[in-house]
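Each remark here refers to the structure printed beneath this line.
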Amino acid sequence: MIPPDSSFEIKRFVIRFRLKSDYKDSSELNKPVPDRQQASGRVVNGTNRTLTSIGGDMGISAAGIGSNLDVDGIVSQLMAVERQPLTLLAKRETDYQAKLSAYGTLKGALASFQTVMKGMADGTKFQALTASPGDASILTATANAANKAVPGSYSIEVQQLAQQQKIRSDGFASTASVVGSGTLTIQYGSYDSGSNSFTLNSAKPAQTVVIDPSNNTLAGVRDAINTANIGVSATIINDGTSNRLVLTAKDTGAASSIKITTADSDGVNLDAAGLSRLAFDPTAAAGSGKNLTEVQAAQDAKLVIDGIAISKGSNIVTDAIEGVTLNLLKSSIGTPTTLAVARDSAGIKASVEAFVKSYNNVNQTLSDLSSYNAAAKKGGILQGDSAALSIQIRIRATLSVAVGGVSGGIDSLSQIGVAFQKDGSLALDSTKLQTALDNGFDGIAGLFAVRGTPTDSLVSYGGATNKTAAGNYAVAVTQLAAQGSLIGSQVAGLGIIAGVNDQLNINVDGVAVSVTLAAGTYASADALAAEVQSKLNGAAGLMGAGSSAVVSQAAGVLSITSARYGSASSVTVTGGNGAAGLMGASPASAAGVDVAGTINGVAATGTGQTLAAATGNAAEGLRLTINGGALGVRGTISFSRGYADQLNTLAADLLTSDGIIASRTDGINASIKDIDRRQEDFTRRLEGIEARYRAQFTALDTMLSSLNQTSQFFEQQLASLQQNKS
């Protein structure tokens, strides 16, 4: 290699070497050159004449041709030296790119780890029960320990499945036949054929469908009902000669029977003409309000559990056996099946194994990226990286500390047979885990999941935030939540006359609604209350706001109570021609109030029935629901964060946009951009350096070529002198 600062010396060396090699006696170089005309027409005379002028007409068109000097090779070697810093920058960038890739691998491993931990944080995986029927063709079942299910065996006989009601219309010539215009009001309840009475279902609000000239055909009515999504599906069946509208209740059960009243635009609401052809009052006479035909009656499911007769409105029974959901499939009269509810030890073992495996996967990734492999004599890409080391330390430290706030006796992994190995991985002792399952099944959930366990049965855990610390917190209630209500001042009149006393304007939870009651004389105050509730909760305003009300009666006096608790709950009468007859001249209105009390000895914030712990203390973010009970001290709540919950939170923090990984990768990306900028600057500098070298060595090449020509001239002259002398 030729040092980049020696170009001038190279020139001097080449010139002296060329001249000395052409003449044995270098002293001849000092002799004057005689004047002589050359073929080129140039005259060289005297020792002080410029050598480059000799042979000037023989110009060199390419470097090295006239002098045999390897200009490209010399410049290439010089530039190789100049480019060494650029090579170092490229290597440094490659190292940074490798670290980015390593952090991408680590980020993916942490994301997978977080997914597993998040799934285990709710605790259901560690409270699993199995529910196994003897004959799965009769029923299937699930059990949930969180809902108070306990192991046991039950004899179940299914006597009857629940079914929904179906009713049909008379035949129409085509689906385009005009039915009529007006409104259809659909209500739900139970029909008693013995007393020929229909009792409204207070849990199901009345629904109204508007039929106008744009949808008054048979097909239009079908589409309007289906679009309204009101708990009834409509279809048209062609029987070969006519088309019939079939209405099917979406819900099963006797209390989901259908009653349809019409407000027909022809002014007659009960006859078999116009829209009133779709009226269906099961208590009315055929053709006078009962103008549809029942195809299938609504009925409840009936079953016997351990000798106890049970009737339910659905084939999915959630409240017969505590914590157990039954899915009835067929009747089995006289042939009961056995349902066995047992602890799902295998499921819990699988969950613990999944926890260990997930931790080991992320631990192995960290080790591969940051440790030194003695066998390969090579360190990981992130060896010595402070961020990777910090992540590894934080994950391991989380599992090294006992879970705080656990109400049971299990608060560390070692108690269920999970322990650290020398390489930092976890190992599971299945025998020890089985012993823990046998002795403390319920406590294992608290070891992994977030749990809140109140000592008062009327206090329930409602949730927490990342700021809620594990611990035991005292609970006290100074005020119970109450609902807004309105109580009538007189006995309600049971006779409702259309256009006279059938309208009631009510404001519930700040939402104003107006309802029109069905005309007629009601059999009882309960029937009237059910009608008011049905129409009130079916009002679009309340449904849209998510509000509802319960209407009841005591000694004939109606009461309207908001379903909501707290200061946002209220009920007031705002008008209507039936207000005085239904609620009296001066009904009493009471506003709702929020629950009040303390958590951890600090005044909590009450919203409805929910108490939220104040900010700035260990219980911050803890939410409790107070479902009634006495005022004063209400026991304690034990709040714990299991390992899965803690690791889920840790992984989320590590993966956030401002977390340790993002900060590290942002720094690396910034370094790569800086290297790219320096490479571009250096490349531009190298272009200038190379151009300068080529200019210098091209000049040297020209000079040497000229000297070669001078040498040839001298040789010719010396040869002539020798000839003349001889």
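The values are calculated or read from the model by the stated rules, or taken from the named source; none is laboratory data. Note that this is a predicted model, so its numbers are computed, not measured. Positions of Cβ are backbone-derived with ideal geometry, glycine not excepted, and every protein chain shown enters the neighbour counts.
Quick one: T431 ticks every box in (1) of a type outside the set (G, A, S); (2) within 30 Å of T365 (Cα to Cα); (3) under 31 Å from the mean Cα position of the chain (by Cα) bar one, so which box is it? That leaves (3) as the condition not met. Evaluate segment 542-555: report whether one residue or more is in a helix (DSSP H, G or I), touching a Leu at 6+ places or on another chain (Cβ under 9 Å), polar (S, T, N, Q) and not assigned by TED's automatic domain parsing to the domain that holds D281. No, that holds for no residue.
Give the residue that is farthest from A568 (Cα to Cα), with candidates limited to residues of segment 498-539 that are surrounded by 15 or more Cβ atoms within 10 Å (Cβ to Cβ) and of a type in the set (V, I, T). The residue in question is T516.
Conditions (1) assigned by TED's automatic domain parsing to the domain that holds G616; (2) in contact with a strand residue (DSSP E or B) (Cβ under 9 Å, 6 or more places away or on another chain); (3) buried (at least 20 other Cβ atoms within 10 Å of the Cβ); (4) farther than 26 Å from G632 by Cα, marked per residue:
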{"site": "Q421", "(1), (2), (3), (4)": "no, yes, no, yes"}
{"site": "Q434", "(1), (2), (3), (4)": "no, no, no, yes"}
{"site": "L447", "(1), (2), (3), (4)": "no, yes, yes, yes"}
{"site": "V459", "(1), (2), (3), (4)": "yes, yes, yes, no"}
{"site": "G463", "(1), (2), (3), (4)": "yes, yes, no, no"}
{"site": "K467", "(1), (2), (3), (4)": "yes, no, no, yes"}
{"site": "N472", "(1), (2), (3), (4)": "yes, yes, no, no"}
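Here T365 fulfils each of the conditions (1) part of a helix (DSSP H, G or I); (2) free of Cβ contacts under 8 Å to residues at least 24 places away in the same chain apart from (2). Take S53 and tell me if it is surrounded by 12 or more Cβ atoms within 10 Å (Cβ to Cβ), over 35 Å from the mean Cα position of the chain (by Cα) and modelled with pLDDT under 80. So S53 fits the description; yes. In the set (1) in contact with a strand residue (DSSP E or B) (Cβ under 7 Å, 6 or more places away or on another chain); (2) at pLDDT 95 or above; (3) not polar (S, T, N, Q), A136 fails one condition alone, (1). Name the residues in segment 403-419 that are in a helix (DSSP H, G or I) and either under 32 Å from the mean Cα position of the chain (by Cα) or crowded, with 17+ Cβ neighbours inside 10 Å (or both), would you? Passing the criteria: L413, Q415, I416.
Let's see how each residue does on (1) surrounded by fewer than 17 Cβ atoms within 10 Å (Cβ to Cβ); (2) under 30 Å from A131 (Cβ atoms); (3) touching a residue at least 12 places away in the same chain (Cβ under 8 Å):
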| residue | (1), (2), (3) |
| --- | --- |
| D266 | yes, no, yes |
| T283 | yes, no, yes |
| N291 | no, no, yes |
| L326 | no, yes, yes |
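Is it the case, given these coordinates, that E322 is of a type outside the set (A, V, I, L, M, F, W, C) and either assigned to a strand (DSSP E or B) or more than 30 Å from D429 (Cα to Cα) (or both)? For E322, the condition - of a type outside the set (A, V, I, L, M, F, W, C) and either assigned to a strand (DSSP E or B) or more than 30 Å from D429 (Cα to Cα) (or both) - is met.
Might you check whether a residue that is buried (at least 17 other Cβ atoms within 10 Å of the Cβ), within 20 Å of A464 (Cβ to Cβ) and small (G, A, S) occurs anywhere in segment 597-604? Break it down into steps so the answer makes sense when it comes.
We begin by selecting, within segment 597-604, every residue buried (at least 17 other Cβ atoms within 10 Å of the Cβ); these are 597-600, 604.
With within 20 Å of A464 (Cβ to Cβ) added as a condition, the list becomes 597-600, 604.
Still in the running and small (G, A, S): 597, 604.
Checking segment 597-604: at least one residue is buried (at least 17 other Cβ atoms within 10 Å of the Cβ), within 20 Å of A464 (Cβ to Cβ) and small (G, A, S).
The residue that is surrounded by the most Cβ atoms within 10 Å (Cβ to Cβ), among those in segment 380-402 that are in a helix (DSSP H, G or I) and touching a Lys or Arg at 6+ places or on another chain (Cβ under 9 Å), is A388. Taking the conditions (1) within 17 Å of K204 (Cα to Cα); (2) in a loop (DSSP other than H, G, I, E, B); (3) not β-branched (V, I, T) in turn, N501 satisfies each one other than (1). Could you say whether any residue in segment 538-558 is modelled with pLDDT of 95 or more and touching a Gly at 6+ places or on another chain (Cβ under 7 Å)? The answer is yes; a qualifying residue exists. Checking I230, I225 one by one, the residue that is surrounded by 17 or more Cβ atoms within 10 Å (Cβ to Cβ), within 27 Å of N327 (Cβ to Cβ) and outside the structural domain of Y522 (by TED's automatic domain parsing) is I230 and no other. The strands (runs of 3 or more DSSP E) falling completely within segment 152-201 that include 1 or more residues that are within 30 Å of L536 (Cα to Cα) map to 166-168, 182-192, 197-200. The residues of segment 236-263 that are at pLDDT below 95 and acidic (D, E) amount to a single one, D239.
Residues are listed down the side, and each one gets a yes or a no for (1) part of a helix (DSSP H, G or I); (2) modelled with pLDDT of 90 or more; (3) under 30 Å from Q609 (Cα atoms):
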site: R634; (1), (2), (3): no, yes, yes
site: D645; (1), (2), (3): yes, yes, yes
site: A652; (1), (2), (3): yes, yes, no
site: D658; (1), (2), (3): no, no, no
site: I675; (1), (2), (3): yes, no, no
site: E680; (1), (2), (3): yes, no, no
site: E687; (1), (2), (3): yes, no, no
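Of all residues in segment 71-101, those that are small (G, A, S) and within 14 Å of I672 (Cβ to Cβ) total 3.
Residue count for segment 231-255 under the criterion of being closer than 21 Å to L184 by Cα and of a type outside the set (V, I, T): the result is 11.
Within the option set I444, I410, being in contact (Cβ under 8 Å) with a residue 60 or more places away in the chain and not hydroxyl-bearing (S, T, Y) holds for one residue only, I444.
From the set of residues in segment 83-127 that are of a type in the set (V, I, T) and exposed (fewer than 14 other Cβ atoms within 10 Å of the Cβ), which is nearest to N361 (Cα to Cα)? Filtering segment 83-127 for residues that are of a type in the set (V, I, T) and exposed (fewer than 14 other Cβ atoms within 10 Å of the Cβ), the one nearest to N361 (Cα to Cα) comes out as T115.
Let's see how each residue does on (1) hydroxyl-bearing (S, T, Y); (2) loosely packed, with under 15 Cβ neighbours inside 10 Å; (3) closer than 24 Å to Q160 by Cβ:
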residue	(1), (2), (3)
T248	yes, no, yes
E294	no, no, yes
I305	no, no, yes
E322	no, yes, yes
K330	no, yes, yes
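A652 passes every criterion in (1) under 30 Å from F355 (Cβ atoms); (2) among the aliphatic types (A, V, I, L, M); (3) in the same structural domain as N617 (by TED's automatic domain parsing) apart from (3).
Here are G220, G240, G194: which of them is surrounded by 16 or more Cβ atoms within 10 Å (Cβ to Cβ) and either in contact (Cβ under 8 Å) with a residue 12 or more places away in the chain or not hydrophobic (A, V, I, L, M, F, W, C) (or both)? Walk me through it before giving the result.
Details: G240 fails: surrounded by 16 or more Cβ atoms within 10 Å (Cβ to Cβ); G194 fails: surrounded by 16 or more Cβ atoms within 10 Å (Cβ to Cβ).
Checking each option against the conditions leaves just G220.
Filter segment 229-267 for residues that are among the small types (G, A, S), on the phi < 0 side of the Ramachandran plot and in a loop (DSSP other than H, G, I, E, B) and give the result.
Quick first cut of segment 229-267, residues among the small types (G, A, S) only: 231, 233-234, 240, 242, 249, 253-257, 263, 265, 267.
From what is left, the residues that are on the phi < 0 side of the Ramachandran plot are 233-234, 242, 249, 254-257, 263, 265.
Within segment 229-267, S242, S265 qualify.
Of all residue pairs spaced 6 or more apart or on separate chains, those with beta-carbon atoms under 8 Å, a first member in segment 71-97 that is part of a helix (DSSP H, G or I) and a second member that is charged (D, E, K, R) are V71/R694; V71/D701; V75/E690; V75/R694; M79/E690; E82/E690; L89/R678; E93/D676. Here G347 clears all of (1) over 30 Å from L413 (Cβ atoms); (2) surrounded by fewer than 17 Cβ atoms within 10 Å (Cβ to Cβ) except the condition numbered (1). Whenever a residue of segment 521-537 is under 26 Å from G510 (Cα atoms), its partners that are in a helix (DSSP H, G or I), lying with C-beta atoms within less than 9 angstrom and at least six residues away or across chains, give the pairs L528/L582; V532/L582; L536/L542; N537/M543.
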